[in-house]
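Right, one structure below, let's go through it.
The values are calculated or read from the model by the stated rules, or taken from the named source; none is laboratory data. Remember, predicted model here, so these are calculated numbers, not experimental data. Here the Cβ positions follow ideal geometry from the backbone for every residue, glycine too, while neighbour counts run over all protein chains shown. Surface accessibility is based on the protein's heavy atoms, side chains included, excluding ligands, DNA and RNA. Shrake-Rupley method; radii C 1.70, N 1.55, O 1.52, S 1.80 Å.
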Amino acid sequence: MAIAQTDFAAFYRRSIDERDAFWAEQARLIDWQTEPRQICDYSRPPFAQWYVGGMTNLCHNAVDRHVSERGGQPALIAISTETDSERVYSYAELHREVQRMAAVLQSLGVQQGDRVLIYMPMIAEAAFAMLACARIGAIHSVVFGGFASSSLASRIEDAAPKVIVSADAGSRSGKVVPYKPLLDEAIALSPHKPQAVLMVDRGLASAPMESGRDHDWAALREQHMDAQVPCVWVESTHPSYILYTSGTTGKPKGVQRDTGGYAVALAASMKHIFHAKAGDTYFSTSDIGWVVGHSYIVYGPLLAGMATVMYEGLPVRPDAGVWWSIVEKYKVTHMFSAPTAVRVLKKHDPEYLRKYDISSLQALWLAGEPLDEPTASWISGALDIPIIDNYWQTETGWPILTLCNGVEQQAPRFGSPGKAVYGYDIRLIDEVSGAELTEPNQKGVVAIEGPLPPGCLQTVWRDDERFVNTYWKSIPGRLIYSTFDWGIRDADGYYFILGRTDDVINVAGHRLGTREIEESISGHAGIAEVAVVGVADSLKGQVAIAFAVPRDAASVEGDAARLRLEGEVMKQVDAQLGAVARPARVLFVSALPKTRSGKVLRRALQAVAEGRDPGDLTTIEDPTALQQIKAQVG
Ligand code: ATP
Ligand code: MG
């Protein structure tokens, strides 16, 4: 049952005003081997330690504790439309598989505190490996499968794993992507070498094995079929994993997460944000390589005793109804995705969304980037269930802004991801003066007063200095966590994210959020997707340049057509935001450069538009998109 709106205000206040009492209550949502002796130690800001002295285990809480009560219930539903396979693991089966994996990792020398890098496609063994690490107190570092060898190499070097778990190949749109050559190359590039590589052979690609180093999962599993590996109780503050941010704004940061705080934060979010109960089914369309995959494919749903869907495949293959066929078949109750994926669906016939019985579905949560009004309205109209925006970061591990009673919301305010979530003491700060903005509708940097709530990053892996300097020192004269996003809060407490702080452009003294301009342009019926960046201009300081993907390529064929659409778009911005926000140019392209997690690489767009080097592009999805942009501006 969702809590009523008014009660949520009190719930929120208590989380801030009676912080320790609040989080002591939430801590009861998980099992502890030893109860914590202190809820929060913030004696050394900005380093927060949650549940000091508590001993627990993430895998115990996600798997073992459910076995007696719901051993036969589905826990993991692994579906691949790439290899046409489906396999449901009950909690009892998952428990066995995780122990086998844990025993194999131990046989390869992995002990508590060792790092294990997981470079895997979306297959069940990837979840087994994550949970097995948690079981034995090893720290996992999942790297998005299919990342280029240079990106992988820098993560191998940074995390220094004892063992790497990988697979012969992933598959995307029916095309096999062999992983082993990328992995071998990455290991060759990295100064740190793993002791062992554990390979899952899916039979998709040949994977030459290096004797002495490489091991076959199936063969080792055979030797540990009856393995009983007890959970290693670890300190609450023991790191559970390292995960790198998306790299949208520069070199990815290695987010280090604790154990107890994370378990409590996720268990609490399943209850108070998702209103999930044991036996429900959660389908997150993300990838285990991203934070959403960690929190809401693997750990969150399992902590709550739900079944979780792990899906390898595209949203539009074999057709644009595939997600909804999964919802129908497995009676999915909770779904989590990203606006970028919805925009992919939007290009297809909405009839696909009506073909299946999706009456089990309670709501769809979307996160990762601004949810523009046209996308939100489209999916909301097509599905007829609540669409719930939520805003957070790899760093925080769980939502900062959303509507905790979103399932019951009467009138969604599209464009706002909602209000401050319990635990987050959010402040809006004037970037220049560092002063706090307390009036409604003032624009400022979204910042969080320390300590960050449980589940947020402890530090940057092996780089406390970077943690402090990057996140806590950007606002003059005060130690406060910056999200580097820019936003406003209205009189009712709803926030609006206007873009990243480095996306703010300054046109002849007017400060504009690129997001606002994008929102206006994407409202034009002829535009499928758009990114706006500020480009240096000798006269105005900066001007806005829009890169737009037309809905129909033919609509911009020929100079006359192109100029007409450009003119229409400019007129729309004039009418909605004023001429000052009008982009100097609207350039039409067939695709925008994005990170592998689907985010527009605005900094690369801006650099190219200014004729500069686009910088670190290791996380780019499709380099040709950037070449096209180069050709356009050049
Ligand atoms: P990096 O930090 O390496 O530059 P990144 O910030 O893209 O990469 P993530 O942690 O994946 O890495 O993304 C978090 C960011 O995504 C937020 O700071 C915000 O800019 C954006 N974001 C996430 N959810 C939303 C949302 N619902 N609305 C608006 N923006 C969002
Ligand atoms: Mg970021």
Quiz item: Of all trypsin sites (Lys or Arg not before Pro) in the stretch 1-79, which ones are in loop regions per DSSP and have a Cβ with at most 10 other Cβ atoms within 10 Å?
Solution: R37
Self-check item: Heavy-atom accessible area ranking, 1.4 Å probe, most first, across M55, M101
Solution: M55, M101
Quiz item: Taking the Cα centre of the chain as the origin, how large is its charge dipole in debye, to the nearest 20, when only Lys and Arg (+1) and Asp and Glu (-1) carry charge on their Cβ atoms?
Solution: 360 debye
Quiz item: Along the charge dipole of the chain, Cβ charges K/R +1 and D/E -1, which of M310, C59, G634 sits furthest on the positive end?
Solution: G634
Practice problem: Report the label-to-label distance for E18 and R478 in nanometres (one decimal), using points 7 Å from each Cα along the Cα→Cβ vector. | Solution: 2.7 nm
Quiz item: What are the residues whose amide H is under 5 Å from the amide H of E312, where those residues sit 5 or more places off or on another chain and H is modelled from the backbone?
Solution: I79, S80, T81
Exercise. Multiply the residue separation of E185 and N441 by 0.36 nm, subtract the distance between their alpha-carbon atoms, and state the gained length in nm to one decimal.
Key: 87.0 nm
Quiz item: Magnitude of the Cβ-charge dipole of the stretch 306-396, K/R +1 and D/E -1, about the Cα centre, nearest 20 debye?
Solution: 260 debye
Quiz item: Can you list the HN-Hα couplings for the stretch 366-378, worked out from phi with the Karplus curve (6.51, -1.76, 1.60; θ = phi - 60°), rounded to whole Hz and with x for Gly and Pro?
Solution: 10, 8, x, 6, x, 8, 6, 4, x, 5, 4, 5, 4
Quiz item: Distance in nm between label sites at R28 and R87, each 7 Å beyond Cα in the beta-carbon direction?
Solution: 4.0 nm
Self-check item: Dipole-positive endmost among Y89, S15, A75 within the stretch 1-94 (Cβ charges, Cα centre)
Solution: S15
Exercise. Between L577 and S359, take the C-beta separation as r, use R0 = 41 Å, and let me know the FRET efficiency to the nearest 0.05.
Key: 0.50
Quiz item: Restricting attention to the stretch 494-586, which GluC sites (Glu not before Pro) occupy a DSSP loop and are surrounded by at most 15 other Cβ atoms within 10 Å?
Solution: E557
Quiz prompt | Unit charges at the beta carbon, dipole of the chain: most positive-side option, A376, T483, V298 | solution = T483
Exercise. Using only Cα atoms, locate the centre of the stretch 372-413 and the centre of the stretch 613-629, then give the distance between them in Å, rounded to an integer.
Key: 30 Å
Practice problem: Treating cross-link reach as a plain straight distance, find the aspartates and glutamates whose alpha-carbon is under 15 Å from the alpha-carbon of K180, omitting any fewer than eight places away in the same chain. | Solution: D168, D201, E210, D214, D216
Quiz prompt | Alpha-carbon Rg with Dmax, taken over the stretch 359-466, Å | solution = 16.2, 51
Quiz item: If you stretched the chain out fully between D430 and A553, how much longer would it get, using 0.36 nm times the residue separation minus the C-alpha to C-alpha distance?
Solution: 40.1 nm
Exercise. May I ask you to list the lysines whose Cα is less than 22 Å away from that of K540, ignoring any residue fewer than eight positions away on the same chain?
Key: K443, K571
Practice problem: Please report the base-10 log of the normalised intensity I(q)/I(0) for the chain, using a Debye sum with one equal scatterer per alpha carbon and no solvent, at each q in 0.07, 0.09, 0.10, 0.11 (1/Å). | Solution: -0.42, -0.72, -0.91, -1.12
Self-check item: Pairs of alpha carbons in the stretch 508-633 whose separation is greater than 21 Å (percent)
Solution: 37 percent
Quiz item: Pairs K175/K630; K175/K594; K347/K594; K277/K331: which exceed 22 Å Cα-Cα?
Solution: K175/K630
Practice problem: Show that you can apply the helix-only estimate: for the chain, add -39,500 (n - 2.57) for every DSSP H stretch of four or more residues, divide by all residues, and state [θ] at 222 nm to the nearest 500. | Solution: -8500 deg cm²/dmol
Exercise. Would you please name the trypsin sites (Lys or Arg not before Pro) within the stretch 557-634 that are DSSP coil residues with at most 14 other C-beta atoms within 10 Å of their C-beta?
Key: R612
Quiz item: Charges only on Cβ, +1 for Lys and Arg, -1 for Asp and Glu: so what's the dipole of the stretch 508-633 about the Cα centre, in debye to the nearest 20?
Solution: 240 debye
Practice problem: Hey, can you grab everything whose amide H is under 5 Å from the amide H of I139? Only 5+ residues off in sequence or another chain; H modelled, so Pro and N-termini drop out. | Solution: G113, D114, R115, V116
Quiz item: At what distance in angstrom do the alpha carbon centres of the stretch 416-482 and the stretch 245-288 lie from each other?
Solution: 19 Å
Quiz item: Gap in Å between the Cα centre of the stretch 124-139 and the Cα centre of the stretch 142-169?
Solution: 16 Å
Quiz prompt | In degrees, nearest ten, helix 149-159 long axis to first principal axis of the chain (Cα) | solution = 60 degrees
Quiz item: What per residue convex hull volume, in Å³, do the alpha-carbon atoms of the stretch 156-275 yield?
Solution: 205 Å³
